[in-house]
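One structure below.
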Amino acid sequence: MTTSKARHVPVLLNESLEFLAVKPAGTYVDCTLGLAGHASEILRRLGPKGRLIGFDRDPEAFKLATEKLEAIRTGLGTEAAEMTLINEAFSTIEEHVEPGSIDGLIADFGVSSLQLDEAARGFSFQADGPLDMRMDTRKGRTAEQVVNEMDERELANLIYEYGDERRSRRFARAIVRARPVTTTGQLARIITGSGPTIHQPIHPATRTFQALRIYVNRELEEIQDLMIAAPKVLKNSGRLAVISFHSLEDRIVKDALRDGAKLGRWEVLTKKPLVANEEEKHSNPRSRSAKLRAAIKLAARKG
């Protein structure tokens, strides 16, 4: 756990904060607290009349983020902003936030280092652990249930759609034949041993693990829900900054902003997504696939 905390570096931090343009008396939402990298810097920029609202459905990450942010508030003393932290998925934002009440909203859709580094969470095959992959460990189907209960065709489609894996049928067939599959290491070995591997810079199981994680956590549906809710909760001239890590995520954000711009709902600040510079890519490899898009909410058209 300490290792995860030490390694955690927020991606595109300066760029996303620049787009948010935090006002000391404003109200800001971090939809993906993680280990509070972005939220910490927002909190430090807010004054006593400001407010930070944070969401994270992962109970373990939520606890660590809360401890970190409370420590910052203690250090700020009477200058600390108000803070409300919510241990729920960001798709529930409209249940917790008043319409038109937010000055800025940020979301970082990446998996946190905490989740990847702990074998017991089942997100990675770097160390053997149970096939869980749930961000919210309190509810929902695990990856183990998915790979053991889904029929071969559905499993192949899942791996292809969410992992962009051309070998999805071969992998699904191998998984079904090897059932029951109970650990990350076992699943990785099944995939690796399923036939000739194409020479790639990534492990053969990488895309399958990604696909299962996205499916288990309904990640794309969550993003779709957030992009619908964002213009409702933001004030006019409120700002949105969203960091995606693969094409499926980025496409949802890009399409929502493009369609909203046509309706006069958004002024898009990033014609092309902003990516990390070479220095950040070198110091933080996780940033290599990050794409930042930003927009300003426009007042509704009259008539």
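Rule-based calculations on the coordinates, nothing more; no lab input. The model shown is predicted, which means the values in this text are computed figures rather than measured ones. Cβ sites come from the backbone with ideal geometry, for glycine too, and all protein chains shown count toward neighbours.
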How high is the relative contact order of segment 137-216, in percent, counting Cα pairs under 8 Å that sit 6 or more residues apart?
39 percent
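With respect to the cross-link table entries LYS63/LYS272; LYS63/LYS254; LYS63/LYS281; LYS232/LYS254; LYS23/LYS232; LYS232/LYS271, which display a Cα-Cα separation exceeding 27 Å?
From LYS63/LYS272; LYS63/LYS254; LYS63/LYS281; LYS232/LYS254; LYS23/LYS232; LYS232/LYS271, over 27 Å: LYS63/LYS272; LYS63/LYS254; LYS63/LYS281.
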Extended-chain gain in nm, criterion 0.36 nm per residue less alpha-carbon gap, ARG177 and GLU18:
52.1 nm
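Using the eigenvalues of the Cα gyration tensor, what equivalent ellipsoid semi-axes result for segment 137-216 when each is taken as the square root of five times the eigenvalue, whole Å, largest first?
The equivalent ellipsoid of segment 137-216 has semi-axes of 19, 13, 12 Å.
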Given Cα pairs under 8 Å that are at least 6 residues apart, what percent is the relative contact order of the chain?
19 percent
Are there DSSP H segments in the chain that both extend 24 Å or more along their axis (alpha-carbon positions) and score a mean Kyte-Doolittle hydropathy of at least -1.0? List them, or say none.
59-76
Once Lys and Arg get +1 and Asp and Glu get -1 on their Cβ, which of TYR162, ALA172, ALA188 lies farthest toward the positive end of the dipole of segment 137-216?
ALA188
So what's the gap between the Cα centers of segment 51-100 and segment 215-243, to the nearest angstrom?
17 Å
Could you tell me the center-to-center distance, by alpha carbons, between segment 149-171 and segment 280-303 in angstrom?
30 Å
So for segment 208-284, averaging the separation of alpha carbon pairs under 8 Å that are six or more residues apart and normalising by length, what relative contact order in percent results?
25 percent
How much length would be gained if the chain were fully extended between ALA71 and ALA25, taking 0.36 nm per residue of separation minus their Cα-Cα distance, in nm to one decimal?
14.5 nm
Where the Cα pairs of segment 94-158 fall when distances are cut into 5 Å bins, in %
3, 14, 16, 16, 16, 13, 9, 8, 5, 0
Separation in nanometres of the label points that stand 7 Å from Cα toward Cβ, at HIS199 and LYS281
2.2 nm
Please compute P(r) over all alpha-carbon pairs of segment 1-125, binned at 10 Å starting from zero, and give each bin as a whole-number percent.
13, 45, 33, 8, 1
The simple spin-label model distance between GLU94 and ASN148, using points 7 Å out along Cα→Cβ, in nm, is 3.7 nm
Aspartates and glutamates within cross-link reach of LYS291: Cα-Cα under 16 Å, excluding same-chain residues under 8 positions apart?
GLU15, GLU18, ASP108, GLU249, ASP250, ASP255, GLU278, GLU279, GLU280
Can you return the aspartates and glutamates within cross-link range of LYS139? Criterion is Cα-Cα under 12 Å, with same-chain partners fewer than 8 residues away left out.
ASP58, GLU88
Kirkwood Rh, Cα Rg: Rg to Rh for segment 166-303?
1.11
DSSP beta bridges in the chain: the antiparallel percent, rounded to 5, is 40 percent
Fewest-first sequence of GLU149, GLU41, GLU222 by Cβ atoms within 10 Å of each Cβ
GLU149, GLU41, GLU222
In Å and on Cα atoms, what radius of gyration and Dmax does segment 263-303 show?
15.3, 51
If packing is taken as the average number of other Cβ atoms within 10 Å across a peptide's residues, how do 263-269, 106-112, 242-248 rank, most packed first?
106-112, 242-248, 263-269
At a Förster distance of 35 Å, what's the computed FRET efficiency of ASN236 paired with THR78, Cβ-Cβ distance as r, to 0.05?
0.70
At each listed q (0.08 Å⁻¹), what is the log10 of I(q)/I(0) that the Debye formula gives for the chain modelled as equal alpha-carbon point scatterers?
-0.37
